[in-house]
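Remarks on the structure that follows.
The values are calculated or read from the model by the stated rules, or taken from the named source; none is laboratory data. Source: prediction; values computed, not measured. Cβ placement follows ideal geometry from the backbone for every residue including glycine, while neighbour counts extend to all protein chains displayed.
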């Protein structure tokens, strides 16, 4: 696992309330269940490598209802362009 590369579209690190936090995000035009599952797979590899609280999110133009449940179960915030 050491030195393994994991690609995400959005990455950031910071400190929140004195604790390390990592922001990991993915951008897709349309987000379906399989897209969330693929993102979860990549996140699992990152979680093994880095100890920090993780804020996980996916941006998209459209979010299919099949993606919502699995994202919620895995604490992934879904954000669509039509949401405010």
Inset, instruction - Assess whether residue 55 counts as being touching a strand residue (DSSP E or B) at 6+ places or on another chain (Cβ under 8 Å), outside any helix (DSSP H, G or I) and either free of Cβ contacts under 8 Å to residues at least 12 places away in the same chain or buried (at least 16 other Cβ atoms within 10 Å of the Cβ) (or both). - result: yes
Legend entry - Residue satisfying condition, being without any contact (Cβ under 8 Å) to a residue 24 or more places away in the chain and under 12 Å from the mean Cα position of the chain (by Cα), within set 68, 38: 38
Legend entry - Considering residues of the stretch 1-13 that are within 14 Å of residue 57 (Cβ to Cβ) and in a loop (DSSP other than H, G, I, E, B) only, the residue modelled with the highest pLDDT: 9
Legend entry - Subset of the stretch 14-51 [assigned to a strand (DSSP E or B) and closer than 15 Å to residue 64 by Cβ]: 26, 28, 29, 30, 31
Inset, instruction - Could you tell me which of the residues 47, 51 is over 12 Å from the mean Cα position of the chain (by Cα), under 20 Å from residue 16 (Cβ atoms) and modelled with pLDDT under 90? - result: 51
Inset, instruction - Would you check which residues across the stretch 71-84 are in contact with a strand residue (DSSP E or B) (Cβ under 8 Å, 6 or more places away or on another chain) and modelled with pLDDT of 85 or more and list them? - result: 71, 74, 75, 76, 77, 78, 79, 80
